[in-house]
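Beneath this line is the structure, given in structure tokens, with notes to follow.
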Amino acid sequence: MKKIILASGSPRRKELMEQIGLKFEVAVSHKDEYYKSVLPEEIVKELSLMKAENVASEQDARNMIVIGADTIVTLDDKILGKPKDEKDAYYMLKSLQGKAHQVFTGVAILDYDSNGGCQVSSHAEATKVYVHKMEDDEIWRYIHSKEPMDKAGAYGIQGKFAVYIDKIEGDYYNVVGLPVSYVYQKVKKGVRPF
Ligand SMILES: Cc1cn([C@H]2C[C@H](O)[C@@H](COP(=O)(O)OP(=O)(O)OP(=O)(O)O)O2)c(=O)[nH]c1=O
């Protein structure tokens, strides 16, 4: 049985991995993350691979599966990551309301055999999210709840922001930070799920 390592400090990704019943450990690397890609699907693939490789380089990477993920929000040509401060969160939320945007999550799965040989799977998925129009005081009330501050696009679909989601097209779990069906299909051969 291979050991699974989730290369992520995101509590949401940990919860989603627990939800699908996988046994895993969490390891986070504090090495720098940067990207050279231009297209959103390439950016999240590059960053998720970097996160997984950084963690794997700090392990005796044999007989294990390392999973990295990265989520960004895109609106027209703009890329929204996590807000730097409350003002940044306000501008992000203001730009999202009353229209649709895309959420991209990249997943990298490094599957190491007992000799250290590695099979790499890289994947990016997009979900379209329609946000209802919000009053300014609603935006500020939401920001003061602190929920937006550690999330791409300054919102959490799984939290209080749910009341402003009109509809989505695509995978809900992709928006929360991990397309779990993709992950499960990739790892189920080497591991026992539940
Ligand atoms: C859009 C959206 C994002 N998010 C979260 C998922 C991610 O945790 C975060 C995007 O930041 P990421 O940089 O993808 O991840 P992270 O820094 O939280 O964790 P790590 O790099 O260690 O894996 O935004 C939600 O929880 N709900 C949402 O609706």
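Quick notes
- Annotation: peptides 152-159, 70-77, ranked by per-residue average of other Cβ atoms within 10 Å with the highest first, follow the order 152-159, 70-77.
- The GluC sites (Glu not before Pro) of segment 115-182 meeting both criteria, a DSSP state outside H, G, I, E and B (loop) and at most 11 other C-beta atoms within 10 angstrom of the site's C-beta, are E135.
- Solvent exposure of Y142, expressed as accessible area, is near 10 Å², computed with a probe of 1.4 Å over the protein chains only.
- Of all accessible heavy-atom area on the chain, the percent that carbon and sulfur account for (1.4 Å): 49
- Sparse packing (at most 14 other Cβ atoms within 10 Å of the Cβ) combined with a DSSP loop state is found for the following trypsin sites (Lys or Arg not before Pro) in segment 1-87: K23, K31, K36, R62, K84.
- For the pair segment 1-48 / segment 90-154, the C-alpha centres are spaced 13 Å from each other.
- Looking at the chain, the accessible area is 52 square angstrom per residue; that uses a 1.4 Å probe and ignores ligands, DNA and RNA.
- In terms of overall dimensions, the C-alpha atoms belonging to the chain reach 57, 35, 26 Å along their principal axes, ordered largest to smallest.
- Helical contribution to [θ] at 222 nm, DSSP H n ≥ 4, -39,500 (n - 2.57), averaged over the chain, rounded to 500: -9000 deg cm²/dmol
The values are calculated or read from the model by the stated rules, or taken from the named source; none is laboratory data. Model, not experiment: these values are computed from the prediction. Please note: Cβ atoms are built from the backbone with ideal geometry, for glycine as well, and neighbour counts cover all protein chains shown. With ligands, DNA and RNA removed, areas are computed over all heavy atoms of the protein, side chains included. Shrake-Rupley method; radii C 1.70, N 1.55, O 1.52, S 1.80 Å.
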